[in-house]
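The structure appears below as structure tokens.
Laboratory data are not the source of any read-out in this text; all were calculated from the coordinates shown. Remember, it's a predicted structure, so these values are computed and weren't measured experimentally. Methodologically, a virtual Cβ is constructed for each residue, glycine included, from the backbone with ideal geometry; neighbour enumeration extends over all protein chains shown.
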């Protein structure tokens, strides 16, 4: 089992990049993003590789080494990247700075090995969180990137990750099975 976990971590953690999307979330939705919660996203997850100031109340920071770069197909420079439908994310935690909230998600493998993350927390996750928080503190109050403040982009990213528009988690079974 240890070798399997090491293999999955070695496939998930190297070359992590941060992708962001800003959204206004009701606090009761944001409160559901607890450390170690695994989320299933039923749709495609749009995010940007460009990171500037925030235009909404909440920012998802998606740490991934396998987002799909869609920027070649975009009409504007949004740095558009996508996680495929059915993607799983591990919530690494939240951080609040100057009234704005960062929700940190680790993009899990696209195969069944994502299930191993229900059982493990490794110290490198703390390093990922620290890095995301540091970038958030220096960038959330900066000027927004104009292309990411565009209504079309904001509408594309307006939905919560891992839940419907009423705040119901897409996969309650995963959430119930996680005893933390």
Exercise. Computed FRET efficiency, Cβ-Cβ of residue 155 and residue 124, R0 45 Å: what is it to the nearest 0.05?
Worked result: 0.80
For this session: Could you work out the relative contact order of the range 55-180, using alpha carbon pairs under 8 angstrom and six or more residues apart, expressed as a whole percent?
Result: 21
Exercise. Which value results for Rg/Rh of the range 1-77 when Rg is the Cα radius of gyration and Rh the Kirkwood radius based on the inverse mean 1/r?
Worked result: 1.01
Problem set entry | Angle between the chain longest axis and helix 123-139 axis [Cα atoms, degrees, rounded to 10] | 10
Seminar exercise, completed: For the range 47-126, the convex hull over Cα atoms projects on average to an area in nm² of 6.5
Problem set entry | Cα coordinate range in the range 102-143, projected on the principal axes (Å, largest first) | 40, 21, 11
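Under the 0.36 nm per residue contour assumption, what length would be gained going from the current alpha-carbon distance of residue 164 and residue 68 to full extension? Don't skip to the answer; put the middle values down first.
Working: separation 96, 0.36 × 96 = 34.56 nm, distance 2.29 nm.
Working it through step by step, the gained length comes to 32.3 nm.
Sum -39500 (n - 2.57) across every DSSP H segment of at least 4 residues in the chain, then divide by the residue count to get the 222 nm mean residue ellipticity, nearest 500.
On the way: 5 runs with 44 residues, N = 180.
So the helix-based figure for the chain works out to -7000 deg cm²/dmol.
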Problem set entry | With Cα atoms, 0 to 90° folded angle of helix 2-12 axis to the chain main axis | 10
Exercise. Rounded to two decimals, what ratio of Rg to Rh does the range 73-166 give with C-alpha atoms and a Kirkwood Rh?
Worked result: 0.98
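If you take every DSSP beta bridge whose two residues both sit in the chain, what share of them, in percent to the nearest 5, is antiparallel? Let's see the in-between values first.
On the way: 27 of 33 bridges.
Counting DSSP beta bridges with both partners in the chain, the antiparallel share is about 80 percent.
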For this session: For the range 87-108 and the range 52-80, compute the distance between their C-alpha centroids and round to whole Å.
Result: 15
For this session: Would you kindly calculate the translational diffusion coefficient of the chain, applying Stokes-Einstein with the Kirkwood radius from alpha carbon pairs, for 20 °C and a viscosity of 1.002 mPa s, and quote it in µm² s⁻¹ without decimals?
Result: 130
